[in-house]
1. What's the total number of residues in segment B:133-158 that are open to solvent by 20 Å² or more (accessible area, probe 1.4 Å) and not in a loop (DSSP other than H, G, I, E, B)?
2. Could you please find all residues in segment B:163-214 being within 12 Å of chain A (Cβ to nearest Cβ), modelled with pLDDT of 95 or more and surrounded by 22 or more Cβ atoms within 10 Å (Cβ to Cβ)?
3. Select from segment A:3-22 the residues that are open to solvent by 80 Å² or more (accessible area, probe 1.4 Å) and within 12 Å of chain B (Cβ to nearest Cβ) and write down the one among them that is modelled with the lowest pLDDT.
4. Can you confirm whether residue A:57 is under 27 Å from the mean Cα position of the chain (by Cα), at pLDDT below 90, in a loop (DSSP other than H, G, I, E, B) and more than 30 Å from residue A:185 (Cα to Cα)?
5. Scan segment B:95-104 and tell me whether some residue there is more than 13 Å from chain A (Cβ to nearest Cβ), open to solvent by 20 Å² or more (accessible area, probe 1.4 Å) and either in contact (Cβ under 8 Å) with a residue 40 or more places away in the chain or touching a helix residue (DSSP H, G or I) at 6+ places or on another chain (Cβ under 8 Å) (or both).
6. I need a count of the residues in segment B:161-196 that are assigned to a strand (DSSP E or B) and either over 13 Å from the mean Cα position of the chain (by Cα) or outside the structural domain of residue B:85 (by TED's automatic domain parsing) (or both).
7. Take the residues in segment A:60-71 that are of a type outside the set (A, V, I, L, M, F, W, C) and at pLDDT 65 or above, then tell me which one is nearest to the chain's Cα centre (by Cα).
There are 2 protein chains.
Amino acid sequence: MNIIKFTPRQEKIISLVEEFGPITSEKIANKLNVTRAALRPDLAILTMTGVLEARPKVGYICSNKTSYSMIYDYIKDIKIKDIMSKPVLVNEESTIYNGIVQLFLNDVGTLFVVNDDNLVGAVSRKDFLKIAIGGTDIHKVPIGIIMTRMPNIIYLDKNDSVYSAAKKIIEHEVDSLPVVDIATDENNNEIYKVIGKVSKTNITKLLLDISENN
Amino acid sequence: MNIIKFTPRQEKIISLVEEFGPITSEKIANKLNVTRAALRPDLAILTMTGVLEARPKVGYICSNKTSYSMIYDYIKDIKIKDIMSKPVLVNEESTIYNGIVQLFLNDVGTLFVVNDDNLVGAVSRKDFLKIAIGGTDIHKVPIGIIMTRMPNIIYLDKNDSVYSAAKKIIEHEVDSLPVVDIATDENNNEIYKVIGKVSKTNITKLLLDISENN
């Protein structure tokens, strides 16, 4: 997978090095019928992007980094705090019906459940749908009964890479994850304050923004 | 937004051109206290990536393409057929209850509704949840009653870029879109055959794959 769009000549250079490397720039120039000076910018691009390596007195070889990815570096540099959006929070005493109403009012797929400021659970559209067809009285039963409960909730740190958010979302097969700040209360208990969320929608928007170069 | 990680010297060159451009390579070399020859690979990188432009007899200026994106080119090159997954299809006579069961069995968020091989509708977890809390008899009412109906369904072409899939998903606020092949039947009616789907999950996986350089 080449990330950079190489020119036809650069592609030819790569083929030559693959076939004949180590090969000197002089020999490459000969085979391509150009001067060494003309090749210099191409070779600079190819070595700086890590596709080729220049070995003094030996010539060019293909780099061990089989497919250097600038996109990888780029995405690793985007932080969760750069793309996270506002979470919708409910109490665990709220009825399931109220939760569903919140879901529609805010047009989100997941609610995060807090006790005071502390994350205690999460509940998704899928959870709500399952209970809604099951004959439960959704006007009476509280969200606490159906939510996924801490410590079984995967969460994110605002300073982590969006890469780790995408990885956790896919690995744990969820639509959305909470971003938390962890603090301790007066009794030295850990408090998970929900300060944001990252969903597949945020990731899809990111891909769009990257493509449109915003 | 710089996509390439430039070296500190390349960053300095960009700053100099921003401040003093048009500026000759000789003057840049002077200001950086290096030889022109030493600068050549850096200037090659900066012009080939489109950050700087070389104007003969004038010098270097910052390119009009304010932030050239190789990622943009890269993502535009990935086709929908490269990331699409298998769609889950139902008939419009299926009951809503059966639809919900299909949703859970296949662990998808959207069902596509076909009549013979022709796309006639789509129905999402959100549509199902809305009806499930409304007192409708979901064991009797067919999916055709609640689905979004053609021609109101946005669809994708397998040869389009994933960029266009992400754009349509975000613009139309849906989770998943069908990929269709359009043919005509014996009566010259258009048939929209569903051959795949692209969801926010596919896009999230793509971002993960790009990051991991698969």
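1. Qualifying residue count, segment B:133-158: 4.
2. Scanning segment B:163-214 gives B:165, B:166, B:169, B:176, B:177, B:198, B:199, B:200, B:201, B:202, B:203, B:204.
3. Initial filter on segment A:3-22 (open to solvent by 80 Å² or more (accessible area, probe 1.4 Å)): A:5, A:8-9, A:12, A:18-20.
So of that shortlist, the ones also within 12 Å of chain B (Cβ to nearest Cβ) come out as A:5, A:9.
Working: A:5: 61, A:9: 89.
The selected residue is A:5.
4. Values: under 27 Å from the mean Cα position of the chain (by Cα): no; at pLDDT below 90: yes; in a loop (DSSP other than H, G, I, E, B): yes; more than 30 Å from residue A:185 (Cα to Cα): yes.
Judged against the criteria, residue A:57 is not a match.
5. Narrowing segment B:95-104 to residues more than 13 Å from chain A (Cβ to nearest Cβ): none.
No, the conditions are met nowhere in segment B:95-104.
6. Start the filter on segment B:161-196 by keeping residues that are assigned to a strand (DSSP E or B), which leaves B:161, B:176-184, B:190-196.
Those still in the list that are either over 13 Å from the mean Cα position of the chain (by Cα) or outside the structural domain of residue B:85 (by TED's automatic domain parsing) (or both) too: B:178-184, B:190-196.
Total meeting the criteria: 14.
7. Restricting attention to segment A:60-71, the residues satisfying the condition of being of a type outside the set (A, V, I, L, M, F, W, C) are A:60, A:63-69.
Add one more test, that the residue is at pLDDT 65 or above, and what stays is A:60, A:63.
Working: A:60: 35, A:63: 27 Å.
This residue is A:63.
The values are calculated or read from the model by the stated rules, or taken from the named source; none is laboratory data. Source: prediction; values computed, not measured. Quick reminder, even Gly has a Cβ in these numbers, built from the backbone with ideal geometry, and neighbours come from all protein chains shown. Just the protein is used for accessible areas: all its heavy atoms, side chains included, with ligands, DNA and RNA removed. Shrake-Rupley method; radii C 1.70, N 1.55, O 1.52, S 1.80 Å.
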